[in-house]
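Step one of this worksheet: look at the structure below.
Just so it is clear, none of the values below were taken in a lab; they were calculated from the coordinates. Here the structure is a predicted model, which means the values were calculated and not measured. Using ideal geometry, Cβ is built from the backbone for each residue, glycine included, and neighbour counts are taken over all protein chains shown.
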């Protein structure tokens, strides 16, 4: 019989130091190291000349990124691993590096730094109101930083929804990419983007760049307070419900229901864990992010989202995968 393996310190130590990996990657993105290497600055000296950083610092940073698998190294020259070439070189159409500005930004990091207190409380230990405060600048940073990842999810959702026509309400639109993508694909779509006024300025920029500004208007204010208008063919709720408790979400969905045209749909995009709440890993892990950063948010299972929708008059909710994206979609019809 084989003997059971002894516990290893490696996994524990790697988790102890995991934050260092994040900040090494963030420093490399901020210094544009991946793009520089992709353009041929493959030695420490060439990188120093290109980035303005010290040779000593770059040598240590790049060696760490070799250890982490983002760079290769041979004969003193660095190269890009496939993931870095695809997602971290600014020349790539799939570039995601800007997302670190938010994911490893002050609000998210501080929430996790005070996680012990949040666990004791059962909600964030950050200042009262925090990111829930009107016009909070964090959401402008979110809108700018998270656009590349949102485009992946928006494309996947548009594929799932198929042809759409009429007015579409994009709640907590942020960067605006969910509504903008639908407008690009469907000439009959007119988007109404709801968010704080300072955040909507980013969405308007994106609508102009996408060539859909004439079919894109804004509705500034709190989603809980403004009149939604309508009737809408579709209401988008991308990454919104996870900020609030179930009762608050149910009340909001009850507000959405009469804003939809007959046969109109609501499309929820979220990290949706399975009923075991530990799979899939990205969705399951997201619940702790909500504990760290919100008073009462969560990563809701499909059963929980279905219960909210049913209570709001949407009895036919269905769960859908979004290929290539980390989230899932829940659709329901008025």
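Taking the Cβ-Cβ separation of residue 159 and residue 307 as r and a Förster radius of 22 Å, what is the calculated FRET efficiency to the nearest 0.05?
E(calc), rounded to 0.05, equals 0.20.
For the stretch 176-263, what does the relative contact order come out to in percent, with C-alpha contacts under 8 Å and a separation of six or more?
28 percent
Relative to the longest principal Cα axis of the chain, at what angle does helix 246-256 sit, 0 to 90 degrees, rounded to 10?
Taking the Cα atoms of the chain, the angle to 246-256 is about 50 degrees.
What translational diffusion coefficient, to the nearest whole µm²/s, does the stretch 119-263 have by Stokes-Einstein, given a Kirkwood radius computed over alpha-carbon pairs, a temperature of 20 °C and 1.002 mPa s viscosity?
Rounded to a whole number, D works out at 136 µm²/s.
Quick check: residue separation of residue 91 and residue 254 times 0.36 nm, minus the Cα distance between them. What number comes out in nm?
Full extension from residue 91 to residue 254 adds 54.3 nm.
So what is the relative contact order for the chain, in percent, with contacts set as C-alpha pairs under 8 Å and at least six apart?
13 percent
Given only helices, namely DSSP H runs of n ≥ 4 each adding -39500 (n - 2.57), what is the per-residue ellipticity at 222 nm of the chain, to the nearest 500 deg cm²/dmol?
Value at 222 nm, helices only, nearest 500: -13000 deg cm²/dmol.
Please give the helix 55-67 orientation as an angle from the longest Cα principal axis of the chain, in degrees from 0 to 90, rounded to the nearest 10.
Taking Cα atoms only, the helix is inclined about 70 degrees.
Which whole-number percentage describes the relative contact order of the stretch 9-90, with Cα contacts under 8 Å and a sequence gap of 6 or more?
That works out to 30 percent.
Given the Cα-Cα distance of residue 205 and residue 22 and 0.36 nm per residue of separation, how much length would full extension add, in nm?
So the chain would gain 62.9 nm between residue 205 and residue 22.
Computed from the coordinates I sent, Cα Rg over 2.2 N^0.38 Å equals one of [x] 1.02; [y] 0.97; [z] 1.09. Tell me the label.
[z]
Using the count of nearby Cβ atoms within 10 Å as a rough guide to exposure, how do 103, 9 rank from fewest to most?
Starting with the residue having the fewest Cβ neighbours, the order is 9, 103.
Between the stretch 215-288 and the stretch 27-42, how many Å separate their Cα centres?
A separation of 38 Å, based on Cα centres.
Run the paramagnetic zone check for residue 246: 7 angstrom along Cα to Cβ, then residues of the stretch 290-334 with backbone nitrogen under 14 Å.
297-312
Could you let me know the centre-to-centre spacing of the stretch 309-334 and the stretch 81-124, using Cα atoms, in angstrom?
26 Å
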